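The structure appears below as structure tokens.
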Amino acid sequence: MKVSQIIDLLDAQVLTTGPSLEGDVKHAFSSDLMSDVLTRDHHKTVLITGLSNLQAIRTAEMSEIGHVIIARDKAISKEMVELAEQSDIVLIKSSYSMFRISGMLFQAGIKPLF
């Protein structure tokens with residue numbers, strides 16, 4: 001699924017400029033515990049989290065995750081956006097809960113990592 005399709009599906013807002021929205025996403029991983037994110041292979045994966053801080057972006061960067069969805073309409077700092085842009089990460093904000101986002105993406109054909 002294209003990132004642009006995910007954005008439309010979730011009625012979400014893209015907060016970064018630069019990285020392409022036409023990249024493919026095959027898997028999703030939902031977590032607020034960033035140490036769990038570091039234990040998986042994340043090729044073509046989107047991270048869904050309610051954690052709205054620099055740690056979420058740094059973890060995505062270390063895990064080579066190119067797309068992060070911040071759930072529950074959390075406030076996102078200017079520093080988070082800047083770090084995501086520097087790391088070529090598409091940062092997306094959605095008003096939906098992590099559970100709802102996960103279900104919607106699963107229903108649309110995105111597979112879980114495990």
Some residue of segment 2-10 being within 14 Å of V90 (Cβ to Cβ), in contact (Cβ under 8 Å) with a residue 12 or more places away in the chain and basic (K, R): yes
Candidates S20, S95 - the one that is modelled with pLDDT of 95 or more and assigned to a loop (DSSP other than H, G, I, E, B): S95
Subset of segment 46-77 [open to solvent by less than 10 Å² (accessible area, probe 1.4 Å) and assigned to a loop (DSSP other than H, G, I, E, B)]: G50, I65, A71
Breaking point among (1) open to solvent by 50 Å² or more (accessible area, probe 1.4 Å); (2) in contact with a strand residue (DSSP E or B) (Cβ under 9 Å, 6 or more places away or on another chain); (3) of a type in the set (S, T, Y), for T17: (2)
Boolean, F106 is open to solvent by 50 Å² or more (accessible area, probe 1.4 Å), within 17 Å of Q5 (Cα to Cα), out of contact with any Leu (no Cβ under 6 Å at 6 or more places or on another chain) and touching a residue at least 24 places away in the same chain (Cβ under 8 Å): yes
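Which residues, counting only those in segment 2-12, are touching a helix residue (DSSP H, G or I) at 6+ places or on another chain (Cβ under 8 Å) and not in a helix (DSSP H, G or I)?
To start, the set of residues in segment 2-12 that are touching a helix residue (DSSP H, G or I) at 6+ places or on another chain (Cβ under 8 Å) comprises 6, 9-10, 12.
Of everything in segment 2-12, those that are touching a helix residue (DSSP H, G or I) at 6+ places or on another chain (Cβ under 8 Å) and not in a helix (DSSP H, G or I) turn out to be L10, A12.
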Within segment 78-90, tally of residues that are in contact (Cβ under 8 Å) with a residue 24 or more places away in the chain and either over 15 Å from V14 (Cβ atoms) or open to solvent by 20 Å² or more (accessible area, probe 1.4 Å) (or both): 6
Residue count, segment 20-42 (criterion: within 11 Å of H67 (Cβ to Cβ), open to solvent by less than 30 Å² (accessible area, probe 1.4 Å) and either out of contact with any helix residue (DSSP H, G or I) (no Cβ under 8 Å at 6 or more places or on another chain) or of a type in the set (S, T, N, Q) (or both)): 1
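The values are calculated or read from the model by the stated rules, or taken from the named source; none is laboratory data. Just so you know, these numbers come straight off a predicted model, no measurement behind them. Please note: Cβ atoms are built from the backbone with ideal geometry, for glycine as well, and neighbour counts cover all protein chains shown. What goes into the accessible areas is simple: the full protein's heavy atoms, side chains included, and nothing from ligands, DNA or RNA. Shrake-Rupley method; radii C 1.70, N 1.55, O 1.52, S 1.80 Å.
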